[in-house]
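Okay, so here's the structure we're looking at.
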Amino acid sequence: MIPAQNKWMLLLDKFVDDWAGILIPRPTIALAGFEQSDGCYWCGKEVEDTNSCGCKERHVPWSRVIRLGNYEQPLSTCIVTGKYAGWDDGLEFLGELLGEQIRGSVPPDSIIVPVPMPPLRRFFRGIDHTAVIAKHAARVARLPMRQALWRWDNAPQASKSACDRVKMNRNTMLLRPLARIRGKNVVLIDDVLTTGRTMEVATNKLKSVGVSSVRVAVLAVTKMPKRAKKM
């Protein structure tokens, strides 16, 4: 028999669980209708024909992009909730989905490296969402995770325009002491890929210390704006 005290605890857990489920649904429910979709091998953007992608006109420092899909609902809502509401279950589930995409798509000796969050921003948010995503992605992909980078700027990327984002200082990312990544194949993880500047700065920093290769893995990629037709 279950002691009376434990019965009350089980009832309390069920009440809290049901109440929380009303405020923030289960990840599988929140992502209902979502289907994973691939993008351009090099930049991750959604394109009908990879050969016609605009990224061919510019150099990207990484080897490929692995993604879950476009930055649109329901995926975008789950990402925002995870970042700003500290939705651990959602971030864990998204990380697992990303890990499934990574597994078998990268060299077996690769290591997972999350894009770092500035300490002050992490303090105020109370969560390092990218590290949570990377942790669970690494577990599912069966790869080690190493927090090899440190970041000093504190302005959120979401608050910047596209023009401001591409102006990110190349010295924004620093290598942590005892990172031990020289000669490694790195899978760099972030939540959203927009202009690619954050990933570019992080990738170049990793390459400057002698990593063998860098692949980018993100939850979502923002869609390319449609170009206006000439009159």
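FYI, it's all coordinate maths here, none of it is from the lab. Note that the structure is a prediction, hence the values are computed from the model and not measured. Heads up, the Cβs are rebuilt from the backbone with ideal geometry, glycines too, and the neighbour counts pull from every protein chain shown.
Here are some notes:
- Inter-site label distance for Tyr41 and Arg125 at 7 Å from Cα along Cβ, in nm: 3.2
- Footprinting exposure proxy for Trp87, Trp150 (fewest neighbouring C-beta atoms within 10 Å first): Trp150, Trp87
- Remark: Lys223, Lys207 ranked as Lys223, Lys207, counting other beta-carbon atoms within 10 Å and listing the fewest first.
- Three-way shape label, segment 37-221, alpha-carbon gyration tensor, a/c 1.5: rounded
- Length added when fully stretched, Asn204-Glu96, from 0.36 nm per residue minus Cα-Cα: 36.2 nm
- Note on Arg170 and Arg139: the extension gain reaches 8.1 nm, defined as 0.36 nm multiplied by sequence separation minus the Cα-Cα distance.
- Taking His129, His136, His59 and counting other C-beta atoms within 10 Å, the order from fewest to most: His59, His136, His129
- Dipole magnitude of segment 37-221 about its Cα centre (Cβ charges: Lys, Arg +1; Asp, Glu -1), debye to nearest 20: 960
- Extension reserve of the Arg58-Trp152 stretch, reckoned as 0.36 nm per residue once the Cα distance is removed: 31.1 nm
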